[in-house]
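A.B. asks: Here it is: the structure, laid out below.
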Amino acid sequence: MRKKIIKASVFLLILIITTSPLYAENIGLVDVEGRLLNEVSAWQSEGSVLLDLRDLFFSLGFDVSWQEETQRLEVDAGEDEYKFRPGKSLVAVNGENLVPFDPPHLHQERLYLEVNAVENFMTEELGKNTTWNPSRSQLQLVEADESEPVDADERSADPVADFLGEMDDEERAEGELLVVIDPGHGGRDPGAIGPNGLMEKEVALDISHRLADRIESEYEQIETHLTREEDVFVSLEDRTRIANELNADMFISIHANGHHSQYARGFEVFTLSGEASDPSAEELAETENSVLKYEGYDADELDDVAWILHQLRATVHTRDSQDLARQMVDLMEDKLPVPNRGVKQAPLWVLKDAQMPAVLVEAGFLSNPQEERRLQSSDYQESVVEAIAKTVYHYLENNH
Ligand SMILES: [Zn+2]
């Protein structure tokens, strides 16, 4: 028996040495000037290096604690709190699942993460750029560049100016109408994520491209513009700003819903209001507005006088927006095999500055596995698009 164990151990040892030279070795975390801040325990194997997240975040001066019962590594990084779980590809930020991420590995009550994923997290979330030096086994902090998260001061910069500059060249023909289509989320903001990993930002972009194609090919007098053509981040305010500066006749923001219950299903269309029409609309507004934290806003800024002012300005279009929304859900009900949840109102930041009829479409629930499959299918997407395109045409025809 003992002989067998020894044999097996030797075999295993040879196997480990020959196939996967995995070994533990500390790496150095080095500051901008090259001074060693701390040693971080790590596992290395075949060029890939896994860092101990507890050591790493502790070295950066954050509060770190491992919750053995819930198997979570909690990191208090000052402004934001993160919760990492072994094998899970989402990091919870301030209690919400938001950031897609490479899953960390659990080893002896410690979470380890590949060094490239560590670098991404440091840049995207913490605004700390790093370079990994494999020959010295050092992760060095480097001067931050423009990839740093947007802070409050940068909000006054003009990220859509170039875009609008291009637009100026395209003169609109007499009598031509313009619809601005806004694919929700994008870039570092994935929006809702389905149980099979489908992201809201992808669905929104697909449907928006299809909608633009459909409108332009079927209705000669209607032009379209997308607030984003690809997977990039656009702030909520820039989305309506594009529509306003282009003097658009209509603004349609395209989204897919996420809900804590996987049974929630159906489509719904929202218009702007200072007060949510029901608790689920309120929840939705909180989720859709939560992207503001990527834009350097404080959540408290949402509740004050600014809202009332925006609301007053928007009331000019409230009735038009509600008419548009009602017509839209009626046609969607005809075309889609899922329940009609109706027209709702909510304090949606993305709609607050629109100077034209504006709606936000939630095309289905990504959190529901069946609807996630539907939202990915071109059949379902085309049905959504058909209903919206027809509504757009009828509405504009009757109101211009
Ligand atoms: Zn959304």
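Bear in mind these aren't lab numbers, they're just calculated from the coordinates by the rules spelled out. If you're wondering where the values come from, they're calculated on a predicted model, not measured in any experiment. Every residue, glycine among them, receives a Cβ derived from its backbone with ideal geometry; neighbour counts consider all protein chains shown.
A.B. asks: Could I have the simple spin-label model distance between HIS107 and GLU282, label points 7 Å from Cα toward Cβ, reported in nm to one decimal?
C.D. replies: 4.8 nm
A.B. asks: Order these by the 10 Å Cβ neighbour count, fewest first: PHE233, PHE57, PHE251.
C.D. replies: PHE233, PHE57, PHE251
A.B. asks: The range 166-252: D in µm²/s via Stokes-Einstein (Kirkwood Rh, Cα pairs, 10 °C, 1.306 mPa s)?
C.D. replies: 116 µm²/s
A.B. asks: May I ask you to order 385-397, 176-188 by the average number of other C-beta atoms within 10 Å around their residues, highest value first?
C.D. replies: Details: 385-397: 20.6, 176-188: 23.2.
So the peptides 385-397, 176-188, ranked by packing, come out 176-188, 385-397.
A.B. asks: Further question on the same structure: Based on other C-beta atoms within 10 Å, arrange LYS352, LYS201, LYS83 from fewest to most.
C.D. replies: The order, fewest Cβ neighbours first, is LYS83, LYS352, LYS201.
A.B. asks: Along each of the three principal axes of the Cα atoms of the range 20-142, give the extent in whole Å, ordering the values from largest to smallest.
C.D. replies: 38, 34, 21
A.B. asks: Full-extension gain between GLN67 and ASN398, please, as 0.36 nm times their residue separation minus the C-alpha to C-alpha distance.
C.D. replies: Details: separation 331, 0.36 × 331 = 119.16 nm, distance 6.03 nm.
So the chain would gain 113.1 nm between GLN67 and ASN398.
A.B. asks: Expected output is a single nm value to one decimal: the length gained when fully extending between GLU220 and ASN94, i.e. 0.36 nm times separation in residues minus the C-alpha distance. What is it?
C.D. replies: Computed gain between GLU220 and ASN94 is 40.6 nm.
A.B. asks: If you average the sequence gap of Cα pairs under 8 Å that are 6 or more apart and divide by the length of the range 20-142, what percent do you get for the contact order? Could the numbers behind the result be given before it?
C.D. replies: Details: 251 pairs, mean separation 26.1, N = 123.
Relative contact order, the range 20-142: 21 percent.
A.B. asks: Rank-order 130-140, 218-228 by packing density, defined as the average count of other C-beta atoms within 10 Å over each peptide's residues, highest first.
C.D. replies: 218-228, 130-140
A.B. asks: Work through the residues other than PRO104 whose Cβ is under 12 Å from its Cβ and net out their charges, Lys, Arg +1 and Asp, Glu -1.
C.D. replies: With Lys, Arg at +1 and Asp, Glu at -1, the neighbours total +3.
A.B. asks: Let me ask another. Which of SER48, SER280 comes first, and how do the rest follow, when ranked by fewest Cβ neighbours within 10 Å? Can you show the working numbers first?
C.D. replies: On the way: SER48 11, SER280 16.
By the 10 Å Cβ count, ascending: SER48, SER280.
A.B. asks: Return the distance in nm (one decimal) between the two label points of a simple spin-label model at ASN244 and LEU36, each offset 7 Å from Cα along Cα→Cβ.
C.D. replies: 5.5 nm
A.B. asks: Multiply the residue gap between ARG326 and ASP76 by 0.36 nm, knock off their C-alpha separation, and tell me the result in nm, one decimal place.
C.D. replies: The ARG326-ASP76 span can extend by a further 85.5 nm.
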